[in-house]
1. Can you tell me which of (1) touching a Gly at 6+ places or on another chain (Cβ under 8 Å); (2) among the charged types (D, E, K, R); (3) within 15 Å of residue 93 (Cβ to Cβ) is the one residue 20 doesn't meet?
2. Would you be able to tell me the number of residues in the range 7-27 that are without any contact (Cβ under 8 Å) to a residue 60 or more places away in the chain and in a strand (DSSP E or B)?
3. Taking residue 63 as the residue in question, decide whether it is part of a strand (DSSP E or B) and at pLDDT 90 or above.
4. From the residues in the range 8-34 that are in contact with a strand residue (DSSP E or B) (Cβ under 7 Å, 6 or more places away or on another chain) and over 23 Å from residue 98 (Cα atoms), which one is modelled with the highest pLDDT?
Amino acid sequence: MANVLVPSLQFSVWLRSRSRRRHVKGVAAIWNLYADPPQNRTTEFSVGPEWTQVSVGWEDAPVPYLQTDSPTPPFEWNPNFRVELYLKTINQDLDVDAAVMI
């Protein structure tokens with residue numbers, strides 16, 4: 001097994017505060033748990049009552065792959081990438097929708 005650099009990974013999610021009066025602040029993160037030590041990319045967010053798209057990207061992400069004779073890309077997806085949302089605002093509801101990692 002070797003590493004290949006994937007041109008980009010992106011995690012995108014739609015968020016909103018359930019409160020009409022308060023924003024919810026936090027951090028969106030992509031973790032590469034394959035790396036030693038684990039690495040991450042993050043972006044901070046602050047969302048109000050309107051749906052807001054929050055994205056965090058990673059350029060040239062190292063992904064382990066297995067060389068194959070297949071015409072498809074010569075790597076298999078590494079399940080050691082994780083996405084997380086860390087909330088900095090307490091006692092506030094956050095609605096989450098349409099999370100995707102591409």
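The values are calculated or read from the model by the stated rules, or taken from the named source; none is laboratory data. None of the values given here were measured: they were computed from a predicted structure. Backbone-built Cβ (ideal geometry, glycine too); neighbour counts: all protein chains shown.
1. (1)
2. Total satisfying the criteria: 2.
3. no
4. 33
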